[in-house]
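Asker: One structure follows; several queries about it will come next.
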Amino acid sequence: MDLGESAPAPRLSLRGIVKRFPGVVANDAVSLDVRQGEIHGLIGENGAGKSTLVKIIDGVLQPDEGEILWQGRPVTIPDPRAARRLGIGMVFQHFSLFEAMSVVENVALGLDDPPPRNRLAAEIRDVAADYGLPLDPARDVHTLSVGERQRIEIVRALLQKPRLLIMDEPTSVLTPQEVERLFATLRRLAGEGCSILYISHKLQEITALCERATILRGGKVVAACDPRRETAGSMAQMMIGAELRTVARRSGAVVGAPRLVVEGLDLPASDPHGVALKGIGFEVRAGEIVGIAGVAGNGQGELEQALAGERPAARPEAIRIDGRPAGRLGPDERRAAGLCCVPEERNGHGAVPGFTLVENGILSAHHRRGLVGGGLIRLRKARAFAAEIVSAFDVRTPGVDAAASSLSGGNLQKFVVGREILQGPGVLVVSQPTWGVDAGAAAAIHAALIRLAGEGAAILVISQDLDELLMLSDRLAVINGGVLSPPRPTDAMSVEEIGLLMGGVHGVDPAPAEAAHGV
Amino acid sequence: MAFRIEPRRAPPASLFYLTPVLAVAVTVVLGALLFAALGYAPGATLYHFFVSPLTTVNGLAELVLKATPLAMIGVGLAAGFRANVWNIGAEGQLTLGAIAGGMTALELIDVDAPWVLPLMALAGVAGGMAWAAIPAFLKVRFDVSEILTSLMLTYVAGLLLALLVHGPLKDPTGYGFPQSAMFAPSANLPMLVNGTRLNAGALVGLAVVLGAWLVLARTIVGFQIRVVGEAPAAARYAGFSAPRIVWLTLLAGGGLAGLAGVFEVAGPIGQLVPSISPGYGFTAIIVAFLGRLHPVGILLAALLMALSYIGGENAQVAVNLPRAATGVFQGLLLFVLLASDFLVRYRIRLARPARAAP
């Protein structure tokens, strides 16, 4: 990019920003410019480094290397207060509001130097009316919808007359109508000269809203593009990467009768930031591995809880295990029926951190492995079971009496996965099977899953690691906003198609994308 | 520059069991300072507080007599505390147990049969359970904090008892005193040591402690209680029902408190009076934590707390120490215990806010 003499300096420039965390480089020489009055998209999968970058701009984190220029002048941003003084406003994905307090009180709490209450209320009313964001300053927050709550955050940012507004996944909690309204506000702001850095993984939004976009993958800038000249498909490919195809697929499995059948499974969201499951339907056959891809927070956790039985379905027939209606059964009854489950979160969900490995073995396997008799725990058998997991899955631990919290994340993962596999389940639902484990252990877990499928189990893998899904699964579905795409043979799906589904673009023919890319 | 509190990475396990001992030691030192500040010779006061009650048979018997309800209630509460069920209304459940058991005894005042006492015990357990069932129901059904409901019901129970002994249960030949008739001999607990007030309730208390130990350590129910308390999400994952644990632990705590209440009226008191317990139900909360929520620890803690009660009375008689000093002393013990707990888990550091290089 060649800036002419007369062109004004970009409002914000990042030059070679590097941020390292133990074991990972979150931002690797990231450079980008946000011009005046521009809506700039920042796209990337979860873990691509978007949040880290935003925290650096907002002064929450300090870069290890690199330079931040504000209107062409190098600056350091030691804390969020300094960012606010520069004119950087931030609207977070998850709001930090006090439910029991009124709108005006919440806004006042977020300001460095709040004016008196009634003047602030008047200002809120003015800004809200001015930007078409209806908001009553006197209302208590707990009476407001999620969209209205977001308006509080936006109004709070606008009151400080920002010159750069950062929006982190602002639409993830909004209805389509609220999204339209938000977009209108953002366009108006940009028209007035305010720059906007818009972070999202929803590609349609980026194409609809942004003039320029920066795409992050693995902490690096992989592309800067004009979304109006790209398609959702081409950007999906850039976001996910093209090297995926090189992963070796497992050879075709012999599949038998359906063992897990899900039909019309609905589940309301459990909290304002949760995702509701809508009409989920699929089946997993004996010997088959079905993968579910998707960007984090699109209903994976809810689906896993619905399948495990932590949140029962409305109808028994919504979930069948080996033909038996199981929708209303609890987790232990489903385990007895043959369905075992590895939750995404090991600490405190799949395992109790303060308990020993022996006790953590009892946690989910007490029934299927007969570790309890007449109400009493069979300690000898429980110890033997824990030892069996430790040796079969190469769990590095000083012994079975070590607390789960003393194990590294990868080793605990091996233990939890091993505990479920060694119960010989007919159906195994496993979330993020290799999150945080090293390559060798990941290969061992994959091999164990394939072996279990070979023995006739039906396996459902929910993962954000597309490489893993492409390698393991016979069929693949994508979850987005609580809706599951129909599973299709993995061989028949292109990376682009998967990316489109992950970005929330349903039923789009990928062909025009190819054509557009050639332009 | 500012203070920062951060968790210690790996608090040594030995400290976990050492802190109660340490806390007792610190409390003794602080207590000595307190006594000195009040103008009492610290050495003599501490001697009358902690040593002289243990030198007589009667003193030892009183010690066990007072430790029994504390231990019984303590293990019941500890089961709940382990599951994050905060029943702090054991005092009220004790009172209801005493009322139910006492009314049974008064009803059967003319019956001389060996089944009277067991029936009273059952009635007392049921009474305590019924009182604890109210917070359990409200918690499970409406998510009402059991801390508030169980505590408030304590005062209701106290007033209910007062109403009964001032009214329908008042002994008609009692010269108008607000108390019931004395129970029949068959409604009194058998004595263990002649010449003292020590009764068979102590043996039941010991059995309760051992039984609770077995249940918590070796049964799947105890396992479930611990999982629900330590990791609610893991309990859900395992299929352990949290509402069931709320019911179970509240009923267990209420039942044991009720039993302790019966043992008070069927033991040292022998009738229903307006005030049955010197705050056993509240002191048992201290006992449960001092004993690390472990039944054996609770037994030891109950003996210690009983000693502080008796020692307090002893010191009142021997050196005229005010009664309130005993309460202050007990509060001090809980405070020091919680503080040392905190310091085992966290450390306080002087921290400068980190400034990044430009």
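Values in this text are rule-based calculations from the coordinates and carry no lab data. Remember, it's a predicted structure, so these values are computed and weren't measured experimentally. Cβ sites come from the backbone with ideal geometry, for glycine too, and all protein chains shown count toward neighbours.
Asker: What list of ³J(HN,Hα) values in whole Hz, one per residue of the stretch B:78-84 in order, does the Karplus curve 6.51 cos²θ - 1.76 cosθ + 1.60 (θ = phi - 60°) give from phi, with Gly and Pro shown as x?
Answerer: 4, 4, x, 4, 4, 9, 6
Asker: Using a Förster distance of 56 Å, how high is the FRET efficiency between B:R4 and B:W115, based on the Cβ-Cβ distance and rounded to 0.05? Present the calculation step by step, with values, prior to reporting the outcome.
Answerer: Values: r = 63 Å, r/R0 = 1.13.
It comes out at approximately 0.30.
Asker: Once label points are set 7 Å from the Cα along Cα→Cβ at both A:L376 and A:Q71, what is their separation, rounded to one decimal in nm?
Answerer: Using points 7 Å along Cα→Cβ, the separation is 7.9 nm.
Asker: Any idea what angle helix B:116-142 forms with the longest principal axis of chain B, computed on alpha-carbon atoms, 0 to 90 degrees, nearest 10?
Answerer: 40
Asker: Mind checking the alpha-carbon convex hull of the stretch B:23-170 and giving the volume per residue in Å³?
Answerer: Details: hull volume 27.9 nm³, N = 148.
Dividing the Cα hull volume of the stretch B:23-170 by its residue count gives 188 Å³.
Asker: Next question. Once R0 is set to 51 Å, what does the formula 1/(1 + (r/R0)^6) return for the Cβ-Cβ distance between B:A162 and A:D467, expressed as a FRET efficiency to the nearest 0.05?
Answerer: Details: r = 73 Å, r/R0 = 1.43.
Between B:A162 and A:D467 the formula returns 0.10.
Asker: Quick check on my link table: of A:K202/A:K278; A:K381/B:K139; B:K139/B:K170; A:K55/A:K161; A:K50/A:K161; B:K66/B:K139, which ones sit more than 30 Å apart, alpha carbon to alpha carbon? Please report the intermediate quantities before stating the final value.
Answerer: Working: A:K202/A:K278 19 Å; A:K381/B:K139 37 Å; B:K139/B:K170 35 Å; A:K55/A:K161 20 Å; A:K50/A:K161 24 Å; B:K66/B:K139 32 Å.
Over 30 Å Cα-Cα: A:K381/B:K139; B:K139/B:K170; B:K66/B:K139.
Asker: Something else about it: If you take the beta carbon distance between A:A129 and A:R188 as r and set R0 to 22 Å, what does 1/(1 + (r/R0)^6) give as a FRET efficiency, to the nearest 0.05? Each step should come with its number before you reach the end.
Answerer: Numbers: r = 13 Å, r/R0 = 0.59.
In this case the efficiency is close to 0.95.
Asker: Using only alpha carbons, build the gyration tensor for the stretch A:306-416 and give me the equivalent ellipsoid semi-axes, biggest first, whole Å. Spell out each step's value before the answer.
Answerer: Values: eigenvalues 149, 52, 25 Å².
Gyration-tensor ellipsoid for the stretch A:306-416: 27, 16, 11 Å.
Asker: Could you please report the charge total around A:D28, scoring K, R as +1 and D, E as -1 over all other residues with beta-carbon less than 12 angstrom from its beta-carbon?
Answerer: Overall, the nearby charge balance is +2.
Asker: Can I ask one more? Taking H placed 1.01 Å from N in the peptide plane, check which residues at least 5 places from B:D171 or on another chain put their amide H under 5 Å from its amide H.
Answerer: B:Q179, B:S180, B:A181
Asker: Under 10 °C and 1.306 mPa s, how fast does the protein assembly as shown diffuse according to Stokes-Einstein, given a Kirkwood radius computed over C-alpha pairs? Answer in µm²/s, whole number.
Answerer: Working: Rh = 31.8 Å.
D, rounded to a whole number, is 50 µm²/s.
Asker: When only C-alpha pairs under 8 Å and at least 6 residues apart count, what is the relative contact order of chain A, in percent? Don't skip to the answer; put the middle values down first.
Answerer: Numbers: 1048 pairs, mean separation 78.2, N = 519.
Relative contact order of chain A: 15 percent.
Asker: Considering amide H positions built from the backbone, and no H for Pro or chain starts, which residues 5 or more places from B:R347, or on another chain, come under 5 Å of its amide H?
Answerer: B:E6, B:R8
Asker: Dividing the convex hull volume of the Cα atoms of chain B by its residue count, what figure in Å³ per residue is obtained?
Answerer: Numbers: hull volume 65.7 nm³, N = 358.
Once divided by residue count, the hull of chain B is 184 Å³.
Asker: Between B:G327, B:G127, B:G39, which gets the highest mean-square fluctuation from a Gaussian network model of chain B, Cα cutoff 10 Å?
Answerer: B:G39
Asker: Just want to confirm a number: the relative contact order over the stretch B:67-321, from Cα pairs under 8 angstrom separated by 6+ residues, in percent. Please list the in-between numbers first.
Answerer: Numbers: 487 pairs, mean separation 97.3, N = 255.
Here the relative contact order equals 38 percent.
Asker: OK, next. So how long is each side of the stretch A:12-240 along the principal axes, counting just the alpha-carbon atoms, biggest first, in Å?
Answerer: 47, 36, 33
Asker: From the phi of every residue in the stretch B:33-50, what ³J(HN,Hα) in whole Hz does the Karplus formula 6.51 cos²θ - 1.76 cosθ + 1.60 yield, where θ is phi - 60° and glycine or proline is x?
Answerer: My calculation for the stretch B:33-50 gives 5, 4, 4, 4, 5, 7, x, 10, 5, x, x, 5, 4, 4, 4, 5, 6, 10 Hz in order.
Asker: Determine the gain in length on full extension of the stretch A:V25-A:S391; use 0.36 nm per residue of separation and subtract their C-alpha separation, reporting nm with one decimal. Working shown, then result.
Answerer: Working: separation 366, 0.36 × 366 = 131.76 nm, distance 3.32 nm.
Contour length minus Cα-Cα distance gives 128.4 nm.
Asker: What is the local net charge at B:Q271, summed over the other residues whose Cβ is closer than 13 Å to its Cβ (Lys, Arg +1; Asp, Glu -1)? Walk me through the numbers before you get to the answer.
Answerer: Numbers: positive: B:K170; negative: B:D171, B:E264.
Combined, the nearby Lys, Arg, Asp and Glu give -1.
Asker: Turning to a different aspect of this structure: Considering every pair of different Cα atoms, what Kirkwood radius, in Å, is found for chain A?
Answerer: Values: mean 1/r = 0.0399 Å⁻¹.
After inverting the pairwise mean of 1/r, the radius is 25.0 Å.
Asker: Can you give the extra length, in nm with one decimal, that the chain gains between A:A447 and A:A384 once fully stretched, where that is 0.36 nm per residue apart less the Cα-Cα distance? Walk me through the intermediate numbers first.
Answerer: On the way: separation 63, 0.36 × 63 = 22.68 nm, distance 2.32 nm.
Length gained between A:A447 and A:A384: 20.4 nm.
Asker: Peptide A:326-333: average number of partner chain Cβ atoms within 10 Å per residue?
Answerer: Numbers: counts 0, 0, 0, 1, 5, 7, 4, 1.
Taking all residues of A:326-333 together, the mean is 2.
Asker: Compute the angle between helix A:176-191 and the longest alpha-carbon principal axis of chain A, please, reported from 0 to 90 degrees and rounded to the nearest 10.
Answerer: Roughly 40 degrees between the two axes.
Asker: Need the full-extension length gain, B:V319 to B:V57, defined as separation in residues times 0.36 nm minus the C-alpha distance. One decimal, nm.
Answerer: Numbers: separation 262, 0.36 × 262 = 94.32 nm, distance 2.14 nm.
Extending this stretch completely gives an extra 92.2 nm.
Asker: Report the net charge of residues surrounding B:V262, where surrounding means a beta-carbon distance below 15 angstrom and charges are Lys +1, Arg +1, Asp -1, Glu -1. Present the calculation step by step, with values, prior to reporting the outcome.
Answerer: On the way: positive: none; negative: B:E91, B:E107, B:E264.
Summing Lys/Arg as +1 and Asp/Glu as -1 gives -3.
Asker: Next question, about the same structure. Under a crude label model (7 Å from the Cα following the beta-carbon direction), how far is A:S408 from A:R328 in nanometres?
Answerer: 4.8
Asker: Please average, across the residues of B:207-220, the number of beta carbons from any other chain that are within 10 Å of each residue's own beta carbon, and give a whole number.
Answerer: Details: counts 0, 0, 0, 0, 0, 0, 0, 1, 2, 0, 2, 5, 5, 10.
Average per residue, whole number: 2.
Asker: To the nearest 10 degrees, how steeply does helix A:146-159 sit against the main Cα axis of chain A, on a 0 to 90 scale?
Answerer: The helix A:146-159 is inclined about 40 degrees to chain A.
Asker: Separate question: Sort A:K414, B:K139 by Cβ crowding within 10 Å, fewest neighbours at the top. Numbers along the way, then the final one.
Answerer: On the way: A:K414 28, B:K139 23.
Fewest to most other Cβ atoms nearby, the residues stand as B:K139, A:K414.
Asker: Right, something else. List every residue whose amide H lies under 5 Å from the amide H of A:A458, counting only residues 5 or more places away in sequence or on a different chain, with H placed 1.01 Å from N in the peptide plane.
Answerer: Excluding prolines and chain starts, which carry no amide H, the hits are A:G287, A:V427, A:L428.
Asker: Starting from the eigenvalues of the Cα gyration tensor, five times each then square-rooted, give me the equivalent ellipsoid semi-axes of the stretch A:322-375, largest first, whole Å. Mind showing how you got there, number by number?
Answerer: Values: eigenvalues 95, 49, 12 Å².
Equivalent ellipsoid of the stretch A:322-375: 22, 16, 8 Å, largest first.
Asker: A further question follows. At B:V296 and A:L109, where each label point lies 7 Å from the Cα along Cα→Cβ, what is the point-to-point distance in nanometres?
Answerer: 4.7
Asker: Please list, in order along the stretch B:323-332, the HN-Hα scalar couplings obtained from phi with the Karplus expression 6.51 cos²θ - 1.76 cosθ + 1.60 (θ = phi - 60°), rounded to whole Hz, x for Gly and Pro.
Answerer: Per residue, the Karplus-derived 3J(HN,Hα) values read 4, 4, 4, 4, x, 4, 4, 5, x, 4 Hz.
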